[in-house]
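S.K.: Shown below is the structure under consideration.
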Amino acid sequence: MDPPLIIVRALHFGAELSLLGFLVFPLLIATPVHARRREPLPLALRRRYCAGAWASFAVAALTLVPWLLLVALSISGAPWHDLTTAGILPTVLSSTQFGEVWLLRALFLAALVPCLIMIGRRRAVDFLGVALASMLVAATAWQGHAGAGTGFAGAVHLAADVAHLIAAGGWLGSLVPLAVLLGRSRHAEEHGHGIAAAGALAFSNLGVACVAILLVSGLVNSWFLIGGFVALFGTIYGRLLVVKLALVAAMLVIATVNRLALMPRLQLASLRGRMAAATLARNALIEAAIGLGVIAIAATLGTLAPPAHEPASIHDAALISPPGAPSHPY
Amino acid sequence: MMRARDLMLAGLIAGFSTGASPAAIAHAFPDRALPAVGSTVTTAPHQVEIWFSEKLEPAFSRIEVFDSAGKRVDGGDTRADPQNESLLLVSLKPLPPGIYKVHWRAVSVDTHATEGDFTFTVGK
């Protein structure tokens, strides 16, 4: 395990999920919900979404180069001071899949700068921003296990991984923006309750679609990575996955309570309606906090060898001896 | 009140960023080798081939072969098979009979490195 590398990857990928959410939510939910009431997106909301997007972008951009340096170190096995002198970085960037995807990421992030500067002014640019952020999130599939597979099975695994990542971004990334919308709606003079209700409904529908994709793609991924029920409960990897699923289930319980108990009350233009909006916002933030746990577990899983690929027999195990230990005395 | 909420949102963004998630990744393990692990071959092989469980990065993977005196007997030209990115091979100098030790270091396309060794014998 490599703690600095894990932390940098975790920061980078979490920032990308957050960036996607702060771009998708205003475009697909917050703005249309206001437009149907013939209102533009309030400046206060726009400022918050813009700030959230920029903050997420900053974390992603700042962690990009450290990530490259740490991976180059680990890939080459070379010491720190050799990194710039021995031509390792150019080789990583030009001759490895990780390096090529990294360059694409840098390109996407650079292209996102004008999109973020012009946020909210032109729809076409906003859609481009969402597309770039989605590609950033999806790129992770090529820098993980799914990107190392071969043949048709490898392609299926990759497709499932991309779907899983985008759906995770759409759902988890939108939780905080939803809380922001609900929070602001309480201060709105007119139609605040209508906006809260419409926004929550639109998010709920998006959530259902994302969760469906997450479950199906998660099943496909698990099939490739775990390989069977025995490994699910018999290995650390499998047990961590079970905990991850339990956390997702907790989020779904909250989401169900939101949909069935709280959302109907949002339509009320009264204190009760406003309290429901406040509770819903709080629940969304709680879901987001649990989502952090889900992502943290996924980050840990990323450093472990999936059971389906561990050597199964003594013969296979004989091929692998601990580094440094002699396999046969001479 | 607004202050506290802003701080909470900022904290959540920061927390979100620390929580994150690379896709689950694995390591490249060898499936089989030629010459096979621990085997004895009658004719000296021209190369050592190892088939791995995942696609490799040939630029950072290597196979080294040593004789029983610890001298390198491979050609130093570790490469992947152009038709199969999970097959790593290295050429060998002409080998007299004896026990040889293969040490391999494989970097998978997912950037994880594994290494190990095994022996084979060139016999009469």
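S.K.: Of all residues in region B:64-83, count the ones that are within 11 Å of another protein chain (Cβ to nearest Cβ) and in contact with a Lys or Arg (Cβ under 6 Å, 6 or more places away or on another chain).
M.R.: Total satisfying the criteria: 1.
S.K.: Take the conditions under 30 Å from A:LEU301 (Cβ atoms) and in contact (Cβ under 8 Å) with a residue 12 or more places away in the chain and apply them to B:ARG105. Does it pass?
M.R.: Yes, satisfied.
S.K.: From the list B:SER86, B:SER61, B:SER53, pick out the single residue that is within 16 Å of the chain's Cα centre (by Cα), within 30 Å of A:VAL294 (Cα to Cα) and within 11 Å of another protein chain (Cβ to nearest Cβ).
M.R.: B:SER53
S.K.: Do any helices (runs of 4 or more DSSP H) entirely within region A:6-113 hold 3 or more residues that are within 20 Å of the chain's Cα centre (by Cα), and if so, which?
M.R.: Filter on region A:6-113 gives A:43-76.
S.K.: Right, another one. Pairs only if they're at least six apart or on different chains, beta carbon under 6 angstrom, first in region A:4-27 and at the interface with chain B (Cβ under 10 Å from one of its Cβ atoms) and at negative phi, second crowded, with 24+ Cβ neighbours inside 10 Å and not in a helix (DSSP H, G or I); list them, first residue then second.
M.R.: If the second residue must be crowded, with 24+ Cβ neighbours inside 10 Å and not in a helix (DSSP H, G or I), the pairs left are A:ARG9/B:PRO22; A:ALA10/B:ALA20; A:PHE13/B:ALA20; A:PHE13/B:SER21; A:PHE13/B:PRO22; A:GLY14/B:ALA20.
S.K.: May I ask you to verify whether A:ALA148 is within 30 Å of A:LEU172 (Cα to Cα), crowded, with 19+ Cβ neighbours inside 10 Å and touching a strand residue (DSSP E or B) at 6+ places or on another chain (Cβ under 8 Å)?
M.R.: Here the answer is yes, as A:ALA148 does meet what is asked.
S.K.: Can we say A:ARG184 is surrounded by fewer than 22 Cβ atoms within 10 Å (Cβ to Cβ), of a type in the set (D, E, K, R), farther than 30 Å from A:PRO307 by Cα and touching a residue at least 60 places away in the same chain (Cβ under 8 Å)? Write out each step before concluding.
M.R.: Values: surrounded by fewer than 22 Cβ atoms within 10 Å (Cβ to Cβ): yes; of a type in the set (D, E, K, R): yes; farther than 30 Å from A:PRO307 by Cα: yes; touching a residue at least 60 places away in the same chain (Cβ under 8 Å): yes.
In short, yes.
S.K.: Now for a different question. Can you report the number of residues in region B:61-102 which are surrounded by 17 or more Cβ atoms within 10 Å (Cβ to Cβ) and in contact (Cβ under 8 Å) with a residue 40 or more places away in the chain?
M.R.: 10
S.K.: Quick test of your reading of the structure: A:ALA209 fulfils all but one of (1) within 30 Å of A:GLY147 (Cα to Cα); (2) crowded, with 21+ Cβ neighbours inside 10 Å; (3) more than 12 Å from chain B (Cβ to nearest Cβ). Name the failing condition by number.
M.R.: (2)
S.K.: Before we move on, is A:ALA146 within 14 Å of chain B (Cβ to nearest Cβ), touching a residue at least 12 places away in the same chain (Cβ under 8 Å) and either in contact with a His (Cβ under 8 Å, 6 or more places away or on another chain) or not in a helix (DSSP H, G or I) (or both)?
M.R.: In short, yes.
S.K.: Sticking with this structure for a sec: Of the numbered conditions (1) within 10 Å of the chain's Cα centre (by Cα); (2) over 30 Å from A:ALA15 (Cα atoms), B:HIS27 fails exactly one; give the number of that condition.
M.R.: Only one criterion in (1) within 10 Å of the chain's Cα centre (by Cα); (2) over 30 Å from A:ALA15 (Cα atoms) is unmet by B:HIS27, namely (2).
S.K.: Going by what's in this entry, would A:VAL130 be described as modelled with pLDDT of 95 or more, of a type in the set (Val, Ile, Thr) and more than 16 Å from A:LEU225 (Cα to Cα)?
M.R.: It is true that A:VAL130 is modelled with pLDDT of 95 or more, of a type in the set (Val, Ile, Thr) and more than 16 Å from A:LEU225 (Cα to Cα).
S.K.: Kindly indicate whether A:TRP67 is touching a Lys or Arg at 6+ places or on another chain (Cβ under 8 Å), over 24 Å from B:TRP104 (Cβ atoms) and within 13 Å of chain B (Cβ to nearest Cβ).
M.R.: Numbers: touching a Lys or Arg at 6+ places or on another chain (Cβ under 8 Å): yes; over 24 Å from B:TRP104 (Cβ atoms): yes; within 13 Å of chain B (Cβ to nearest Cβ): yes.
Judged against the criteria, A:TRP67 is a match.
S.K.: Could you grab me the full set of residues in region A:133-143 that are facing chain B (nearest Cβ under 10 Å) and of a type outside the set (A, V, I, L, M, F, W, C)?
M.R.: Answer for region A:133-143, where residues must be facing chain B (nearest Cβ under 10 Å) and of a type outside the set (A, V, I, L, M, F, W, C): A:THR140, A:GLN143.
S.K.: Are any of the residues in region A:87-105 within 24 Å of A:LEU175 (Cα to Cα) and among the basic types (Lys, Arg)?
M.R.: No, region A:87-105 has no match at all.
The values are calculated or read from the model by the stated rules, or taken from the named source; none is laboratory data. Small disclaimer: the values here were computed from a predicted structure and weren't measured. Cβ atoms come from the backbone with ideal geometry, glycine included; neighbour counts cover every protein chain shown.
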